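Peer 1: My questions will all concern the structure given below.
The values are calculated or read from the model by the stated rules, or taken from the named source; none is laboratory data. Keep in mind that what you see is a predicted model, and the values were worked out from it rather than measured. Positions of Cβ are backbone-derived with ideal geometry, glycine not excepted, and every protein chain shown enters the neighbour counts. Ligands, DNA and RNA are stripped out before the accessible areas are found, and what is left, the full protein with its side chains, is counted by its heavy atoms. Shrake-Rupley method; radii C 1.70, N 1.55, O 1.52, S 1.80 Å.
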Amino acid sequence: MKGPGIKDYLELLTDRKNEALMNGLDYIDINSKELHSVISKEFATMPTCCQAMYKKMLDGDEIIQRPKGETGFGSHLTIRYYLQDMETRNPYFEPKKRGRPMKSEDDKMQAKRMKQGLSAADLIAICTVWLEERGWNVESVNGKLIALKDDQKWMIDIHGMKRGRKQSVPAKMSDILRQMEEGNIRYSMAMNDSISYRRQWNQIPHVVKEKLNVSVILADRKGNIQEY
């Protein structure tokens, strides 16, 4: 089932701004975590939420708090939208032009990375935001994530895109088996979403995954995440 799209966020942002204007306010502060909780409780669409918030900015609006990391997406994004002269003010960010303009070398490299999939650093950043939104305290240690909440511990192996032969899901799981500790610990593998990885994961008997308390976290290039 597909989650909410950018239009859903844009409509709510427009409604929020118009309502605040009718109430006589000069500006309104909107936070991505709160907006995401209204539109997308069941889906990880935080990147789409943040894209909509940036898209609604006009000249003079302010980014009060930026997200952690370098993606520009996350639950800390807070924007102050000023409500006067909204019809006459230009967009804060220049709209994308139609057609295919010449790309810089940096743009070409970015497009290549996006085509290849998320790197380990990308997965760490996206998964950290996703976990923090669910109340986990997260620490990155040697390419892994350790998340704590109350008396629970969650260890996540990160498997980003890299050169060479791809490691199979059973092989990735064997890495987890070698590092399992005593106690009530939850284990996961975070990797790029693909049909092949989904098929390999489904071929592992459910009873094995349940007894080992192991799940897989799949992330796509847009930053959407699902846990299985």
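Peer 1: Counting just the residues of the range 132-173 that are of a type in the set (S, T, N, Q) and at pLDDT 80 or above, which one comes out nearest to Asp220 (Cα to Cα)? Write out each step before concluding.
Peer 2: Taking the range 132-173 first, the residues of a type in the set (S, T, N, Q) are 137, 140, 142, 152, 167-168.
Filter again for at pLDDT 80 or above, leaving 137, 140, 142, 152, 168.
Details: Asn137: 23, Ser140: 20, Asn142: 23, Gln152: 27, Ser168: 18 Å.
The selected residue is Ser168.
Peer 1: Next up: Quick one: which helices (runs of 4 or more DSSP H) sit completely within the range 125-228 and have at least 1 residues that are closer than 28 Å to Gly74 by Cβ? Reasoning before the result, please.
Peer 2: Details: elements: 169-179, 195-203, 206-212.
Counting at least 1 such residues, we get 169-179, 195-203.
Table: residues versus (1) among the β-branched types (Val, Ile, Thr); (2) closer than 24 Å to Glu132 by Cα; (3) outside any loop (DSSP other than H, G, I, E, B); (4) at pLDDT below 90.
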{"position": "Arg16", "(1), (2), (3), (4)": "no, no, yes, no"}
{"position": "Ala20", "(1), (2), (3), (4)": "no, no, yes, no"}
{"position": "Gly24", "(1), (2), (3), (4)": "no, no, no, no"}
{"position": "Lys41", "(1), (2), (3), (4)": "no, yes, no, yes"}
{"position": "Ala52", "(1), (2), (3), (4)": "no, yes, yes, no"}
{"position": "Ile63", "(1), (2), (3), (4)": "yes, yes, yes, no"}
{"position": "Tyr81", "(1), (2), (3), (4)": "no, no, yes, no"}
{"position": "Lys97", "(1), (2), (3), (4)": "no, no, no, yes"}
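Peer 1: I need every pair where a residue in the range 58-80 that is within 10 Å of Asn31 (Cα to Cα) and without any contact (Cβ under 8 Å) to a residue 40 or more places away in the chain has its Cβ under 6 Å from the Cβ of a residue that is of a type in the set (D, E, K, R) and part of a strand (DSSP E or B), sequence separation at least 6 or different chains.
Peer 2: Listed pairs, sorted by first residue: Ile64/Arg80.
Peer 1: If I ask for residues that are surrounded by fewer than 19 Cβ atoms within 10 Å (Cβ to Cβ) and touching a helix residue (DSSP H, G or I) at 6+ places or on another chain (Cβ under 8 Å), which ones from the range 52-64 would you list?
Peer 2: Lys55
Peer 1: Mind listing whichever residues of the range 1-44 are open to solvent by less than 50 Å² (accessible area, probe 1.4 Å), touching a Leu at 6+ places or on another chain (Cβ under 9 Å) and among the hydrophobic types (A, V, I, L, M, F, W, C)?
Peer 2: Leu12, Leu13, Ala20, Ile28, Ile30, Leu35, Ile39
Peer 1: Pull out all pairs, ordered by first then second residue, where Cβ-Cβ is under 7 Å, the residues are six or more apart or on different chains, the first lies in the range 20-48 and is hydroxyl-bearing (Ser, Thr, Tyr), and the second is surrounded by fewer than 17 Cβ atoms within 10 Å (Cβ to Cβ) and not in a helix (DSSP H, G or I).
Peer 2: Taking only residues 6 or more apart or on different chains, the pairs are Tyr27/Arg80; Ser40/Gly3; Thr45/Gly3; Thr48/Gly5.
Peer 1: Have a look at Ser168, Ser140 and point out the one that is in contact with a helix residue (DSSP H, G or I) (Cβ under 7 Å, 6 or more places away or on another chain) and open to solvent by 60 Å² or more (accessible area, probe 1.4 Å). Before you say what the answer is, go through the steps one by one.
Peer 2: On the way: Ser168 fails: open to solvent by 60 Å² or more (accessible area, probe 1.4 Å).
Residue meeting the stated conditions: Ser140.
Peer 1: Out of the residues in the range 173-228 that are of a type in the set (S, T, N, Q) and farther than 27 Å from Asp150 by Cα, state the one that is least open to solvent (accessible area, probe 1.4 Å).
Peer 2: So the first thing to find is which residues in the range 173-228 are of a type in the set (S, T, N, Q), and the list is 174, 179, 184, 188, 192, 194, 196, 200, 202-203, 213, 215, 224, 226.
Cutting the leftovers down to farther than 27 Å from Asp150 by Cα gives us 174, 192, 194, 196, 200, 202-203.
Details: Ser174: 39, Asn192: 17, Ser194: 38, Ser196: 47, Gln200: 37, Asn202: 117, Gln203: 130 Å².
The selected residue is Asn192.
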